[in-house]
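To start, the structure itself, in structure tokens.
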Amino acid sequence: MTQINVFPVKSAKGITISSALVEETGLCFDRQFMIALLDGSMVTARSYPQLVHITPALRPQGVTLRYQQLPPLQLIYNQFEDATFRSEVWGDQFDAFKTTDEANEWISKVVGKPAVLLFKGNESVRFSKKAQQKVSFADAFPVLIISEASLDDLNERSTSHHTMEQFRTNLVVSGTRAFEEDSWKKIKIGDVVFEVSCGCSRCILTTVNPQTAKLDKLKEPLTTLASYRSDEQGKVYFGQNLIACNEGLITEGDEVIVIERQSPTQYVMKEQRNNDAPVRDAESNQHKSISISINGHLFSGNNQQTILEQAEDEGIRLAYSCRSGFCGACKILKESGEVADVAMDALLESEIEQGYILACCSTPMTDIELVN
């Protein structure tokens, strides 16, 4: 094992450490804080890429956060409010713990709208339906592992160069073949035995440049990964999710012992469709107001943001997963109007003929009516 990373704040920068205590919910200090809007919905770098520039530092009594020109935020555990806040991560609803008013004000400045900084507590109360156990504020599973050889393979195929930082993995291993981790069923690292639960489906967060906090216009590395690491539904996979069978210590340099193997998932090659959607010309690039109706909810939007972004700003929750046009989770029926910049690879030809579009990639050009 060549690297151990923890991410104290969900979507913020990670910290590389030499050893870690593995608990039931994952690595100690990993995803122990998360940001939420006032309605409890999670805030991540998928929609707020600037979050990757929040830099955490572990302290004996808490965590220090730094962001650009803001004064550092000192989080002291014993100063947190003794109160809960109803929140949600990917459909798992739970009561997280409040931190401080100062932390909420600080994080709201980073996000650009009213938000709260939440703490998972000494013991997480969140039960992940996917992992079928308690987890931290991670998306679904306690621990993620990726091999250096898999990243090398991706870089040989991609037009861009990618780093492990983009994939926000907890554990990095060397000395394997590319994607050999796909064939692991049970492994031991240090004191801990891990079950390999499933592949990790990737989203638009992997396209955020950790240095610039900008989304890659070509949607790399997802575009390359989709060509050889996607399933029948269009979900793209890179890395393996782990569940710890016991608590214990793991250390950089530990040997990864493969206890049991399994047949790796067979991924499909997906043919890219031609995009026949209207092309944005100079006139359509000029900002103008658009009337948007979603399930009868009418509001004023614009021709600059995607339908998914504008729905979220309006407080309308639409289903999504990758936010990049590969998985199809955000498909919605267009009853009238025109959209531009459409990615349709995740839709069947029959769905396109019926008028379905992907909310994460479609920008309205005219007044539009949508139903899901």
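Shape class of segment 1-112 from the alpha-carbon gyration tensor: rounded, with the ratio a/c of largest to smallest axis under 1.5.
Which FRET efficiency value, to the nearest 0.05, is calculated for Thr16 and Asn302 with the Förster distance at 51 angstrom and r the Cβ-Cβ distance? Here the calculated transfer efficiency is 0.80.
Candidate cross-link partners of Lys214 among the lysines, defined by an alpha-carbon separation under 17 Å and a same-chain spacing of 8 or more, comprise Lys13. Remark: relative contact order (the chain) = 15 percent; criterion is Cα-Cα distance under 8 angstrom and separation of 6 or more residues.
Take the cross-link list Lys109/Lys334; Lys235/Lys334; Lys98/Lys134; Lys10/Lys185 and give me the ones stretching past 25 Å between alpha-carbons.
Working: Lys109/Lys334 36 Å; Lys235/Lys334 23 Å; Lys98/Lys134 19 Å; Lys10/Lys185 27 Å.
Lys109/Lys334; Lys10/Lys185, as the Cα separations exceed 25 Å there.
Report, in degrees rounded to the nearest 10, the 0 to 90 angle that the Cα long axis of helix 101-111 makes with the longest principal axis of the chain. Approximately 50 degrees, to the nearest 10.
Label positions at Phe127 and Ile316, each projected 7 Å from the Cα along the C-beta direction, are separated by 3.3 nm. Whole-Hz Karplus values for segment 239-245 come out as x, 10, 7, 10, 10, 6, 8 Hz, taken residue by residue from phi with 6.51 cos²θ - 1.76 cosθ + 1.60 and θ = phi - 60°; glycine and proline positions read x.
If I stretch the segment between Glu260 and Glu351 completely, what's the gain in nm (0.36 nm per residue apart, minus their alpha carbon distance), one decimal?
On the way: separation 91, 0.36 × 91 = 32.76 nm, distance 4.17 nm.
Result for the pair: 28.6 nm of gain on full extension.
Sorting Asp153, Asp95 on solvent-accessible area from highest to lowest, probe radius 1.4 Å, gives Asp95, Asp153.
The calculated FRET efficiency for Asp231 paired with Asp101, based on their beta-carbon distance and R0 = 51 Å, is about 0.70.
So if each residue of separation counts as 0.36 nm, and I subtract the Cα-Cα distance between Arg157 and Gln74, what length gain in nm does that give? Each step should come with its number before you reach the end.
Values: separation 83, 0.36 × 83 = 29.88 nm, distance 4.27 nm.
Length gained, Arg157 through Gln74: 25.6 nm.
The modelled label-to-label distance for the pair Asn246/Trp90, using points 7 Å beyond Cα in the direction of Cβ, is 2.8 nm.
Once the piece of chain linking Gln61 and Ala178 is laid out straight, how much longer is it, given 0.36 nm per residue of separation minus the C-alpha distance between them?
Details: separation 117, 0.36 × 117 = 42.12 nm, distance 4.05 nm.
Extending this stretch completely gives an extra 38.1 nm.
A simple charge model with +1 on the Cβ of Lys and Arg, -1 on the Cβ of Asp and Glu and nothing else charged puts the dipole of the chain at about 440 debye relative to its Cα centre. Among Asn209, Asn285, Asn155, the largest mean-square fluctuation in a Gaussian network model of the chain (Cα springs under 10 Å) belongs to Asn285.
Computed over protein heavy atoms with a 1.4 Å probe, the carbon and sulfur contribution to the accessible area of segment 171-275 reaches 45%. Calculate how steeply helix 148-157 sits against the longest principal axis of the alpha-carbon atoms of the chain, using the helix alpha-carbon long axis, and give the answer as 0 to 90 degrees to the nearest 10. Helix 148-157 sits roughly 30 degrees off the main axis of the chain.
Is segment 135-217 rounded, prolate or oblate when judged by the Cα gyration tensor, a ≥ b ≥ c being the square roots of its eigenvalues, rounded requiring a/c under 1.5 and prolate requiring a/b larger than b/c?
On the way: a/c = 2.26, a/b = 1.41, b/c = 1.61.
In terms of gyration-tensor shape, oblate.
Of the residues Ile189, Gln79, Gly175, the one whose Cα sits farthest toward the positive end of the charge dipole of the chain, with +1 on the Cβ of Lys and Arg and -1 on the Cβ of Asp and Glu, is Gln79.
Once neighbouring chains are kept in place and the probe is 1.4 Å, which whole percent of the accessible area of segment 1-69 is contributed by carbon and sulfur?
Numbers: 1200 of 2460 Å².
Ligands and nucleic acids excluded, carbon and sulfur reach 49 percent.
With r defined as the distance between the Cβ atoms of Glu338 and Leu218 and R0 fixed at 25 Å, what FRET efficiency is calculated, to the nearest 0.05? Result of the calculation: an efficiency of 0.55.
The values are calculated or read from the model by the stated rules, or taken from the named source; none is laboratory data. All figures in this text were calculated on a predicted structure; none of them were measured in a lab. When we count neighbours, we look across all protein chains shown, and the Cβ atoms used for this are built from the backbone with ideal geometry, even at glycine. Each accessible area value is taken on the protein alone, full model and side chains, heavy atoms only, with ligands, DNA and RNA left out. Shrake-Rupley method; radii C 1.70, N 1.55, O 1.52, S 1.80 Å.
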